[in-house]
Structure formats: structure tokens, C-alpha cells
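A short write-up of the structure that comes next.
Read the figures in this text as sums done on the coordinates, not as results from a lab. Fair warning: this is a prediction, and the values are worked out from it, not measured in the lab. Ideal geometry is used to build each Cβ from the backbone, glycine not excepted, and the neighbour counts take in all protein chains shown.
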Amino acid sequence: MTAHEVGTKLVELCQQGKNFEAMETLYAPDVVSVEAGAPPGMPREFTGKEAVIGKSKWWVDNHEIHSGTCEGPYPHDDRFIVRFDYDVTFKPTGKRFRMTEAALYTVANGLVAREEFFYSMG
């Protein structure tokens, strides 16, 4: 699949709330995920599909998701960007906040090889 095709499928699955299915089916076994900031007690960078899914599972387990949307993809050669908007509560503190992030995905051999997240740290 091309980057545009992978991006279209990823957005379609995420819009249906099937984010984990998107990772299982569209990510390379050695995918690399890079966060703008390290999650509490974790590194900024994760390597391998299991580690990336584990990081995402931590996020879902630690946030009450009131609503979420995504739009895109915005393709460019072997990459594409997806915009995510969330209204969540961080369960450990009870703090509710809105979050917008852009994710840059790089595709190799028809699968997501790298994802990088960009969001406000302040």
C-alpha cells in the first residue's frame, strides 16, 4: 500500500474507535514511535509493535476519553499527517483537558515504520 492508502485506512479505523486494530494491521513489526514528551515513568521513544501498543494501552488505561476525533490523512511522498483532537480526564489526577496533536507517519514496504507525535507541552 502507498502512504496515502495506509493513511486513509488508519484514519478510517481510528474514526471507528478501532485504534488498536489500526496498529495491529498497519504497523511494521519494528515500528518506532516517538512522543513529544515522555509519558510518566516511560521513555519518549518506543521500538517494536508490542512496545508501541503497550504505550497506547497505558494511555487508554490512564485517561477517561470523553470524545475524540481525527482527520486526514495529509499525504506527502512516503509520509502522511493525521490530526487528533481529544477531550480527556487524566485518571490519576482527575484533571480534564482538551488535547490536539498532529501525528507524522512514515511508511515503508506498505506499513507504518515510524510515527512521531507533536502536541503542546505547556
*Give the residues of segment 26-62 that are of a type in the set (K, R) and either in contact with a Pro (Cβ under 6 Å, 6 or more places away or on another chain) or in a helix (DSSP H, G or I) (or both), sorted by residue number.*
K49, K55, K57
*Of all residues in segment 1-50, count the ones that are under 14 Å from R114 (Cα atoms), over 13 Å from the mean Cα position of the chain (by Cα) and in contact (Cβ under 8 Å) with a residue 40 or more places away in the chain.*
4
*Within segment 49-59, identify whether any single residue is among the aromatic types (F, W, Y), farther than 23 Å from A3 by Cα and exposed (fewer than 13 other Cβ atoms within 10 Å of the Cβ), and answer yes or no.*
no
*Yes or no: F97 part of a strand (DSSP E or B), out of contact with any Leu (no Cβ under 8 Å at 6 or more places or on another chain) and either more than 13 Å from V31 (Cα to Cα) or of a type in the set (S, T, N, Q) (or both)?*
yes
*Which one is farthest from the chain's Cα centre (by Cα) among residues in segment 100-109 that are in a strand (DSSP E or B) and of a type outside the set (F, W, Y)?*
A108
*Report whether or not E71 is surrounded by fewer than 18 Cβ atoms within 10 Å (Cβ to Cβ), farther than 17 Å from A103 by Cα and of a type in the set (D, E).*
no
*For segment 49-98, which residues satisfy the criterion of being aliphatic (A, V, I, L, M) and over 17 Å from S33 (Cβ atoms)?*
I65, V88
*Subset of segment 74-94 (residues that are out of contact with any Leu (no Cβ under 7 Å at 6 or more places or on another chain) and surrounded by 13 or more Cβ atoms within 10 Å (Cβ to Cβ))*: Y74, P75, D78, F80, R83, F84, D85, Y86, D87, V88, T89, F90
